[in-house]
1. Among (1) without any contact (Cβ under 8 Å) to a residue 24 or more places away in the chain; (2) open to solvent by less than 50 Å² (accessible area, probe 1.4 Å); (3) over 21 Å from the mean Cα position of the chain (by Cα), which single condition is GLN258 missing?
2. Name the helices (runs of 4 or more DSSP H) wholly within the range 181-271 that hold at least 3 residues that are closer than 30 Å to TYR16 by Cβ?
3. Scan the range 158-184 for residues that are within 21 Å of ILE136 (Cα to Cα) and of a type in the set (A, V, I, L, M, F, W, C) and jot them down.
4. All but one of (1) out of contact with any Asp or Glu (no Cβ under 9 Å at 6 or more places or on another chain); (2) part of a strand (DSSP E or B) hold for VAL143; which doesn't?
5. Report yes if SER147 is out of contact with any strand residue (DSSP E or B) (no Cβ under 9 Å at 6 or more places or on another chain), farther than 14 Å from LEU18 by Cβ and modelled with pLDDT under 95, otherwise no.
6. Report whether or not SER321 is loosely packed, with under 15 Cβ neighbours inside 10 Å, of a type in the set (S, T, N, Q) and free of Cβ contacts under 8 Å to residues at least 12 places away in the same chain.
7. Is it the case that some residue within the range 152-159 is farther than 28 Å from PHE99 by Cβ, in contact (Cβ under 8 Å) with a residue 12 or more places away in the chain and open to solvent by 40 Å² or more (accessible area, probe 1.4 Å)?
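The values are calculated or read from the model by the stated rules, or taken from the named source; none is laboratory data. These numbers come from a predicted model, not from an experiment. Backbone-built Cβ (ideal geometry, glycine too); neighbour counts: all protein chains shown. Please note that ligands, DNA and RNA were not included when accessible areas were found on the heavy atoms of the full protein model with its side chains. Shrake-Rupley method; radii C 1.70, N 1.55, O 1.52, S 1.80 Å.
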Amino acid sequence: MAFNIARYKDLEEKQYELEVITPMFLGGADPKKVELRVPPFKGMLRFWWRAISSINNIEDLYKKESEIFGNTDKKSKISLKTNFSDTNISKDLFKGKKFTAKSSRRTFPIDILHYLAYGTLEYIKGSGNIVIKEYIPAGSKFVLSISAPKDTISEADKALQYLLTFGGLGAKSRNGFGSMYCKDIQYLANFEKTGDLKDYTSFSNKAKLIKFPQHDTWEEALSDIGLAYKDARLSLEEKHHFERRALIAKPIEVKDEQNIPQYAKENRHAKPYFLHVNKLPNGNYQGQILFLPYKFKPSDKSENYQKYIDACNQMNQIIESKAGGNKWQ
């Protein structure tokens, strides 16, 4: 456990030294500039607290969440602080494993890490991809301080544990970027699989986790899970078709693509897959994919719940086939 540094007026304060495992894209007023701020941390703690909550009623969930994290009318019981001044900044181009893509005229290689980081890079003819959004590089360390009443701080601790085990911070965190490690917090070996699907992203009896083989570098670990996810997603339908891919996540954006259905470009729902890289005690890196589905809400007559489940099941089979013999847990 992290150590306590203050105990007064029924408040407890803890400090955690966090290490960035994969590039972390955090922006502020200028989205292309790195700014390590408290709101993204608090937002992710809220997200994972909600994901592990057993509260089914949305109104009750919001009431309990507001008691802990606050709302527009109520101050949060949890106070966070970070030390941005000690944080490194980079725009170096990271590189991972490549896969082959085909167009009507040629075949060309694409770096899977660039595929996963779509939107933070820009292609310059003659130069290739360049990073246009600053990031906090892997290996950087900073301190997160959490202060809360004694009867509340355990809620923040548990949410942080889930964030470090399954999630990340910043842009592209569901694609494995922004993963973190803390030597004072143990990764969760498993999670409780109970309860039906909810209207929001949460753990349930449908949740699954699959781990991939260990690697010496984060680039190799993230490449493996990225390639598996890419292959699974593209297996859903033929090239230039997007109906089934839109069931997994929207909006869909593909440069110069004319066949994307309007509902797939305008509406939004987050994918139920969380790519993540853990740093292990032996110094190796291990990629994993968490499947965390929620009740599907169709926005077009071509969509329905069974189609959504069928698409997810097909993706899960492909992902498992790419996991080096490992199975969904």
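1. (2)
2. 218-234
3. Answer for the range 158-184, where residues must be within 21 Å of ILE136 (Cα to Cα) and of a type in the set (A, V, I, L, M, F, W, C): LEU160, LEU163, LEU164, PHE166, LEU169, ALA171, PHE177, MET180, CYS182.
4. (1) is the only condition that VAL143 fails.
5. Working: out of contact with any strand residue (DSSP E or B) (no Cβ under 9 Å at 6 or more places or on another chain): no; farther than 14 Å from LEU18 by Cβ: yes; modelled with pLDDT under 95: yes.
Here the answer is no, as SER147 does not meet what is asked.
6. Details: loosely packed, with under 15 Cβ neighbours inside 10 Å: yes; of a type in the set (S, T, N, Q): yes; free of Cβ contacts under 8 Å to residues at least 12 places away in the same chain: yes.
Answer is yes for this residue.
7. Step one: list which residues in the range 152-159 are farther than 28 Å from PHE99 by Cβ, which gives 152-159.
With in contact (Cβ under 8 Å) with a residue 12 or more places away in the chain added as a condition, the list becomes 152-153, 155-159.
From what is left, the residues that are open to solvent by 40 Å² or more (accessible area, probe 1.4 Å) are 155, 158.
Yes: one or more hits.
For every residue, the table says whether it meets (1) within 20 Å of ALA189 (Cα to Cα); (2) not aromatic (Phe, Trp, Tyr).
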site	(1), (2)
SER223	no, yes
PRO261	no, yes
TYR305	no, no
ALA323	yes, yes
LYS327	yes, yes
